[in-house]
2 protein chains.
Amino acid sequence: MKNSIGPKPLLLTNPVLIVGSYDPSGKPNAMNAAWGGIANSNPPCVSVSLRKATYTHGNIMNRKAFTISIPSEKYVKEADYFGMKSGKDTDKFESARLTPVRSEKVDAPYVGEFPVVLECTLLHYLELGSHTHFIGEIVDIKVDEECINEAGLPDITKVLPFCFDLSSRSYYGIGKKLDKAFDPSVLQTFATGAR
Amino acid sequence: MKNSIGPKPLLLTNPVLIVGSYDPSGKPNAMNAAWGGIANSNPPCVSVSLRKATYTHGNIMNRKAFTISIPSEKYVKEADYFGMKSGKDTDKFESARLTPVRSEKVDAPYVGEFPVVLECTLLHYLELGSHTHFIGEIVDIKVDEECINEAGLPDITKVLPFCFDLSSRSYYGIGKKLDKAFDPSVLQTFATGAR
């Protein structure tokens, strides 16, 4: 039996995206955003939605660029901090004792201590109401050497990213591996009615 | 030391979104999509990106509506199956032994056995290259009674959603709770330099 709980922005597994940008004076800023996801494969794009009142919003509009740094579990408090203060009146990198690193490919800084970084240029934006929906083209990804697997891709068990859950207003780690995706045996299972 | 791994559609924690739609004959269909996320708070919106070649793409364009059913861990194989077959030549609900339920508020079916369902009307779409980026307004959410907490919201520890990791082409469960979000003590910690 399902109950209606009304319209809410609830998806349960939201990413924790630390969005890096420069302000007009060149001061690096970063904020925590959970409204976003991959938006396209080719060219690779990511979406992230921000309120107009955020300092980052104006920075992205001005510089047409941003980064997304993905924090590891051990930086959960720093990530939370980035979501509570505004860069208008604070140097959040300094307060959080984290290092702003100038991106190689776009006009935005990233968090040096976080293991995975997406460097993005602004491709589109769409006003949706409370938030502006930004689409960034991912022009490069940088990954800490020790988190890269044999295939040259980030290893989720080493990166240890985490999710934001709106219902409990909490951060949850990634758990155990459940199954391979695109598993051919699954096709057979359902085709033959074996399950 | 960070290495460049080039531009890729990688975010590590992608949701598993089972997108429900009706075809022109009224046959219910569902597909697995990992490119998406919350896009707006007010009105609540969700984004999901689909290739034009998918059967679901045309269905959403025709009916201007879709659902997103969020599977529990125990349905990981069914979720994977929904991502491998096309509804053009298969009744995927029947093959997966799952129940298509007509939404109350939008012209699309959802997966009865999955604990959380977002009922969405099509608000915008944007062509990004390989994928069309759909923005749906969430007009209602339905949750299995036994997964609703005291605050009337879905309890992630009962829903047991999971994530898709592109690097390992695998599904990962949600792990342990790391910390509360918006924690006032975090503000104090960083303000005083106690950390």
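Read-outs throughout are calculated quantities, based only on the coordinates presented, and are distinct from any laboratory measurement. Everything quoted here is computed from the prediction, not taken from an experiment. Neighbour counts are summed over all protein chains in view; Cβ atoms, including those assigned to glycine, are modelled from backbone coordinates with ideal geometry.
Some observations on this one:
- Residue match in segment B:126-133 (condition: under 18 Å from A:I5 (Cα atoms) and surrounded by fewer than 24 Cβ atoms within 10 Å (Cβ to Cβ)): no
- Selection count, segment B:136-179, where residues are crowded, with 19+ Cβ neighbours inside 10 Å, more than 7 Å from chain A (Cβ to nearest Cβ) and in contact with a Cys (Cβ under 6 Å, 6 or more places away or on another chain): 2
Table: residues versus (1) surrounded by fewer than 18 Cβ atoms within 10 Å (Cβ to Cβ); (2) closer than 23 Å to B:E137 by Cα.
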position	(1), (2)
A:I18	no, no
A:Y22	no, no
A:P28	no, no
A:I38	no, yes
A:A53	yes, yes
A:I60	no, no
A:F66	no, no
A:K92	no, no
A:A96	no, no
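- Subset of segment A:138-156 [touching a residue at least 12 places away in the same chain (Cβ under 8 Å) and within 22 Å of B:E73 (Cα to Cα)]: A:I156
- Residue in segment A:30-85 that is farthest from the other protein chains (Cβ to nearest Cβ), counting only those that are without any contact (Cβ under 8 Å) to a residue 60 or more places away in the chain, among the charged types (D, E, K, R) and outside any helix (DSSP H, G or I): A:K64
- Single residue of segment B:86-103 satisfying the filter (assigned to a helix (DSSP H, G or I) and under 18 Å from the mean Cα position of the chain (by Cα)) that is farthest from B:K52 (Cα to Cα): B:F93
- Selection of segment A:114-132 for residues being of a type in the set (S, T, Y) and under 14 Å from B:I135 (Cα atoms) yields A:Y125, A:T132.
- Pick from segment A:126-135, criterion without any contact (Cβ under 8 Å) to a residue 12 or more places away in the chain and assigned to a strand (DSSP E or B), ranking: nearest to the other protein chains (Cβ to nearest Cβ): A:L126
- With respect to (1) over 17 Å from the mean Cα position of the chain (by Cα); (2) assigned to a strand (DSSP E or B), the lone exception for A:V186 is condition (2).
- Selection of segment A:156-195 for residues being among the basic types (K, R) and within 28 Å of B:I38 (Cβ to Cβ) yields A:K158, A:R169, A:K176, A:K177, A:K180.
- Among the residues of segment B:1-29, those that are in a strand (DSSP E or B) and out of contact with any Phe, Trp or Tyr (no Cβ under 7 Å at 6 or more places or on another chain) comprise B:K2, B:N3, B:S4, B:P15, B:L17, B:Y22.
- Flag for B:V106 being crowded, with 24+ Cβ neighbours inside 10 Å, without any contact (Cβ under 8 Å) to a residue 24 or more places away in the chain and either outside any strand (DSSP E or B) or facing chain A (nearest Cβ under 7 Å) (or both): no
- Checked against (1) facing chain B (nearest Cβ under 7 Å); (2) within 23 Å of B:Y172 (Cβ to Cβ), A:N3 passes all but a single condition, namely (2).
- Residues that are without any contact (Cβ under 8 Å) to a residue 40 or more places away in the chain and either more than 10 Å from chain A (Cβ to nearest Cβ) or under 15 Å from A:Q188 (Cα atoms) (or both), drawn from segment B:109-124: B:E113
- The one condition in (1) touching a Cys at 6+ places or on another chain (Cβ under 7 Å); (2) β-branched (V, I, T); (3) farther than 18 Å from B:V46 by Cβ that B:V106 fails to fulfil: (3)
- With respect to (1) over 30 Å from B:G6 (Cβ atoms); (2) aromatic (F, W, Y); (3) surrounded by fewer than 20 Cβ atoms within 10 Å (Cβ to Cβ), the lone exception for B:F114 is condition (3).
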